1. For the range 47-94, what does the accessible surface come to per residue with a 1.4 Å probe? Please give it in Å².
2. Which longest uninterrupted range of the chain lacks any GluC sites (Glu not before Pro) assigned by DSSP to a loop state (not H, G, I, E or B) and surrounded by at most 11 other Cβ atoms within 10 Å?
3. Order Phe123, Phe34, most accessible first, counting only protein heavy atoms with a 1.4 angstrom probe.
4. What is the extension gain from Val38 to Ala131, computed as 0.36 nm multiplied by their sequence separation minus the C-alpha to C-alpha distance, in nm to one decimal?
5. Ignoring any ligand, DNA or RNA, what whole percent of the accessible area of the chain comes from carbon and sulfur when the probe is 1.4 angstrom?
Amino acid sequence: RVDRPGARTARRDDLRGPVGLFLMGERERSPDPFVGGVALGRALAARPDEPLLLYLVGRNALQRGHVESGIEHLERALATGALPTERLARETLRQLAQGACATGNAALVERVRASVVGPGSPFHEGGRKDAVVSLLDRCKP
């Protein structure tokens with residue numbers, strides 16, 4: 001069994017409840033976006049710099065059309081430098097690329113590009129990295 005840092009974060013008692021409720025629901029109920037969103041909001045109010053919570057709020061805000069709020073939360077998650085896994089860092093950058101394209105934000109396009117292709121990038125050569133760069137190339141304002 002591989003013990004990943006992200007898994008350790010999700011097992012922390014203070015995050016287990018709200019993150020679990022949001023992603024998996026309750027034992028006898030499926031996830032409810034309203035109930036899970038309230039739980040995430042409360043947890044984020046108590047821990048405003050928690051990267052996993054910032055990522056979840058940002059990703060879901062962006063996916064639901066609240067693009068500016070999504071971008072804000074995703075940028076804050078990335079700025080912590082403490083996303084629990086490289087997979088979450090890659091997904092955060094991919095989501096930010098989508099937000100940058102949706103808003104025509106040239107500065108954000110270039111910041112995301114630099115993070116994707118520059119030193120310390122969580123991306124490996126090819127595949128997902130190429131897809132994000134291609135998206136950024138197509139949406140360049």
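1. Heavy-atom SASA per residue in the range 47-94 reads 47 Å².
2. Result for the longest clean stretch: 29-124.
3. So the residues, ranked largest to smallest area, are Phe34, Phe123.
4. Separation in residues times 0.36 nm, less the Cα-Cα distance, equals 30.1 nm.
5. Reported share for carbon and sulfur atoms: 53 percent.
The values are calculated or read from the model by the stated rules, or taken from the named source; none is laboratory data. This is a predicted model, so every value here is computed, not measured. A quick note on method: Cβ atoms are made from the backbone with ideal geometry, for glycine too, and the neighbour counts reach across all protein chains shown. Calculation scope for accessible area: heavy atoms of the full protein, side chains included, ligands and nucleic acids excluded. Shrake-Rupley method; radii C 1.70, N 1.55, O 1.52, S 1.80 Å.
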